[in-house]
Amino acid sequence: MVNAPSFLGYNRLATEITANSTDYREQIDLSTDHELPPPSAPLYRNLFAPTQWPSAEYMPNFKPVYSDYITRMGDISIYFTSLIAEAIGLPPDAFNKYFDVDQQHKLKIVKYPDLKELGLWKEGDDVNLEGQGVGPHKDSMFTSYLLQVTQHRGLQVQNLQGKWVDCPPVDGTLVVAIGQGMEALTQGVCMSTTHRVLSPAPGSGPRFSVPFFQGVSLDAEFDELNDYENGGGVGKVPEEIKKLRRLVVERNGGRLDDVEFTFKGGDIAKTLGEATLRNRIKSHPDVGQRWYPEILREMREKQRRLEEERKGVDGGNERQIPTGPDLQTSGGKAVEAH
Ligand SMILES: [Fe+2]
């Protein structure tokens, strides 16, 4: 991945960071293929590029199979999004303006080695030891679709009481996750779920999963996305739907805060593309260092200032603060992309 400003390609074990901790997984990031952008294009257009496919000489079926899967899942995700729109009282095509004609979608193939393979567990250690496959986070955009390939437990979602609940693999199904962009666009009705992956139990072998991430137009501007009162965004979600959402949450022991659900681009990003690029740099600082050193430096400087401010406020007690230009609702606690 470090060879490409697009953040596409292979990542060896333990190079990614989520919630400020290292993720114990290795992965390859694939996408809908695009031509390289012209030099005059905005910097975030670097995210569109040809995928770094493994050599056909060694894996002749890899590209045809995964290209086809990405194309099919792209169509399914856009259809599924139209059903979400209908279900909450919006026109079925409410989201369509945020999909490009040649929309880039993304997919990862992920391997989570077990704790023994990672060297984090040895004979005699507690068998219930937990390792971070990927730390707690919410997905960033509209919807994602996870194929759990192996029979491991490990994926967990956080319920409204804050408890972690196992999400075991079920044959013939995909796990659908709602992203923070969807939560903001639907004014909080489609809540984005915090989830994480625990490393597989010692000796149980690696867990494999294949998440597909529905893409959205990176040219979309935050001001337009947020302006649902004046015809921007997907329009206003009907009050009776919002009321239903509140009732469901309360019945399950949670409380929907009266927070304002908005897209946030940090201080700098005006478009989804700029925010996405910064998110990628934050998750993959090695790629950032090579291709976007100035942005990385500026983000680290901002992080350092925030930490100093935090120490000044509470004497340095540990607590998680939202940082960087992530897509967040103002009540969101989770950080990073996926
Ligand atoms: Fe995720």
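General observations
- Entry remark, segment 56-93: residues being crowded, with 16+ Cβ neighbours inside 10 Å, within 15 Å of residue 174 (Cα to Cα) and aliphatic (A, V, I, L, M) number 2 in total.
- Cβ-Cβ contacts under 7 Å between residues 6 or more apart (or on different chains), taken from a first residue in segment 56-76 that is under 22 Å from residue 214 (Cβ atoms) to a second residue that is part of a helix (DSSP H, G or I) and of a type in the set (A, V, I, L, M, F, W, C), are absent.
Yes or no, residue by residue, for (1) within 17 Å of the chain's Cα centre (by Cα); (2) part of a loop (DSSP other than H, G, I, E, B); (3) under 20 Å from residue 282 (Cβ atoms):
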position	(1), (2), (3)
41	no, yes, no
46	no, no, yes
75	no, no, no
91	no, yes, no
110	yes, no, yes
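- Residue selected from segment 283-334 under the condition under 17 Å from residue 273 (Cα atoms) and within 16 Å of the ligand (Cβ to nearest atom), by the criterion modelled with the highest pLDDT: 284
- Scan segment 48-73 for residues that are at pLDDT below 95 and not in a loop (DSSP other than H, G, I, E, B) and the total you get is 0.
- Filter pass, residue 220 being under 30 Å from residue 149 (Cβ atoms) and surrounded by 14 or more Cβ atoms within 10 Å (Cβ to Cβ): no
- Some residue of segment 67-84 being in contact with a His (Cβ under 9 Å, 6 or more places away or on another chain), over 19 Å from residue 178 (Cβ atoms) and either within 16 Å of the ligand (Cβ to nearest atom) or β-branched (Val, Ile, Thr) (or both): yes
- Residue list for segment 112-122, restricted to those being surrounded by fewer than 21 Cβ atoms within 10 Å (Cβ to Cβ) and part of a loop (DSSP other than H, G, I, E, B): 119, 120, 121, 122
- Members of segment 107-139 that are in contact (Cβ under 8 Å) with a residue 60 or more places away in the chain, of a type in the set (Lys, Arg) and under 21 Å from residue 14 (Cβ atoms): 108, 111, 116
- Of all residues assigned to segment 32-41, at least one qualifies as being modelled with pLDDT under 95 and among the aliphatic types (A, V, I, L, M).
- Residue in segment 153-161 that is over 23 Å from residue 24 (Cβ atoms) and aliphatic (A, V, I, L, M) present: yes
- Figure legend. Inter-residue proximity from segment 140-157: first residues under 28 Å from residue 96 (Cα atoms) and touching a residue at least 24 places away in the same chain (Cβ under 8 Å), second residues within 11 Å of the ligand (Cβ to nearest atom) and in a loop (DSSP other than H, G, I, E, B), beta-carbon distance below 7 Å, spacing 6+ or different chains. Indicated pairs: 140/179; 140/337; 140/338; 141/179; 142/179; 143/179; 144/179; 144/338.
- Residues located in segment 158-182, provided they are polar (S, T, N, Q) and within 19 Å of residue 198 (Cα to Cα): 158, 159
- Any hit, segment 226-246, residues being within 16 Å of the ligand (Cβ to nearest atom) and of a type in the set (Phe, Trp, Tyr): no
- Test: residue in segment 168-191 that is modelled with pLDDT under 95, touching a Gly at 6+ places or on another chain (Cβ under 6 Å) and of a type in the set (S, T, N, Q): no
- Matching residues, segment 225-246, being free of Cβ contacts under 8 Å to residues at least 24 places away in the same chain and on the phi > 0 side of the Ramachandran plot: 231
The values are calculated or read from the model by the stated rules, or taken from the named source; none is laboratory data. Bear in mind the structure is a predicted one, so any value in this text is a computation, not a measurement. Cβ coordinates were reconstructed from backbone atoms using ideal geometry, including for glycine residues, and neighbour counts include every protein chain displayed.
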